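Enquirer: First the structure, which I've put down as structure tokens, then a few questions once you've had a look.
The values are calculated or read from the model by the stated rules, or taken from the named source; none is laboratory data. In this text the structure is predicted, and so the values were computed from the model without any measurement. Here the Cβ is made from the backbone with ideal geometry for all residues, glycine too, and neighbour counts use every protein chain on show.
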Amino acid sequence: MISLDDLRFVEALHRTGSMSAAARALNVTPPAISMRLKKLEAELGVSLVIRNSRHVRFTSEGERLVSEAQTLISRVDALPGIMRADSGALTGSLRIVAPFGFGRAFVAPVIAKFSQTHSALHLDLALSENPWRANKDADVVIHIGELRDSSWVAHLIARNERWVCASPNYLAANGVPSNPRELLQHACLSIQENEEDVSLWRYRKKSCGRGKAGKLQSIRIAPDLKSNDGEVVRNWAAMGLGCVLRSEWDAAPSIKRGELKRILSGWEFEPANVMALVSARRGISTRVNSFINYLKMQFAPKPPWR
């Protein structure tokens, strides 16, 4: 008979991707991992993984077992929170992953306040360059922008536009574009994030009154400078090195200080809304649901950058 420990073992092996890493995660020796896997395969009568010297790859039967294991583990782990729901007490652990800049500025303060209300809950915030790609085991992933991964369920936290900005000095020296296509004649800066096509800038003319918005169009820029750090690119723009398409949450403070100026405000560029992602394979626990609702309240009725 398969036990809950067997399911946690399979989930750990899938999450870590190798026998040695799973051994470290479970605090056992690699031979013990190998022996347990053989025993489980013999009991089920199927091969669960294909082994090599460095990694393990799950068979279709193994992937099915992992999916079932993740669902059952999530439900079991959620039981204490469900049983305590009437009292409002949340226990256990909650792992949140967020982008570096947004995580420092907005997620960390929310977590601090949330922890004061739920002192029995252990909270873990990890900041990552690409939160949703490498953190399938996280309880909640904060993501900004478009998502092309059906393995996540997305919850809208806040609306967030993208603005084209440049420094006043750059605009004084090079002129102010009156149409997005004129950006092709300007120095442009780019931020590499979330595996997006960062050189393709999509836009449409804003609607006037009750009129319809313009047709979606795009331009392909040739970045003069590019970085995976948004703060670096924003600072380059403030130094007068070119135009940047940047999230409203990050650009707004620099605009208020006069370091940057928003241009082309008559056009709407592709938004980068703030989402809370939960794995589609795992049920949403009471603590996850409580945290997501708390996040939404902190950004309502309008986000702090507006």
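Enquirer: Conditions first: (1) more than 28 Å from the chain's Cα centre (by Cα); (2) modelled with pLDDT under 85. LEU40 passes all but one, so which condition is the exception?
Expert: Unmet for LEU40, out of (1) more than 28 Å from the chain's Cα centre (by Cα); (2) modelled with pLDDT under 85: (2).
Enquirer: Okay, moving on. Across the stretch 17-37, what is the total count of residues that are in contact with a strand residue (DSSP E or B) (Cβ under 9 Å, 6 or more places away or on another chain) and surrounded by 17 or more Cβ atoms within 10 Å (Cβ to Cβ)?
Expert: Number of matching residues: 4.
Enquirer: Moving to a separate point now. Could you list, in sequence order, the residues of the stretch 193-215 that are aliphatic (A, V, I, L, M) and either at pLDDT 70 or above or in a strand (DSSP E or B) (or both)?
Expert: VAL198, LEU200
Enquirer: Looking at (1) outside any strand (DSSP E or B); (2) aromatic (Phe, Trp, Tyr); (3) under 16 Å from ALA166 (Cβ atoms), can you tell me which one TRP249 breaks?
Expert: So the condition that TRP249 fails would be (3).
Enquirer: Might you let me know whether the stretch 57-64 holds any residue that is over 30 Å from THR117 (Cα atoms), modelled with pLDDT under 75 and part of a loop (DSSP other than H, G, I, E, B)?
Expert: no
This table checks each residue for (1) assigned by TED's automatic domain parsing to the domain that holds ASN293; (2) at pLDDT 75 or above; (3) not in a helix (DSSP H, G or I).
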| position | (1), (2), (3) |
| --- | --- |
| PHE9 | no, yes, no |
| HIS14 | no, yes, no |
| ILE50 | no, yes, yes |
| SER53 | no, no, yes |
| VAL66 | no, yes, no |
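Enquirer: If the requirement is being at negative phi and modelled with pLDDT of 90 or more, which of these qualifies: ALA108, ALA134?
Expert: Answer to the selection: ALA108.
Enquirer: Write out, first by first residue and then by second, each pair whose Cβ atoms fall under 9 Å of each other, whose residues are 6+ apart or on separate chains, and whose first residue, in the stretch 197-218, is closer than 17 Å to TRP163 by Cα while the second is assigned to a strand (DSSP E or B) and modelled with pLDDT under 80.
Expert: none
Enquirer: Give just the number: which of (1) at pLDDT 80 or above; (2) surrounded by 14 or more Cβ atoms within 10 Å (Cβ to Cβ); (3) β-branched (Val, Ile, Thr); (4) in the same structural domain as ASN289 (by TED's automatic domain parsing) does THR91 not satisfy?
Expert: (1)
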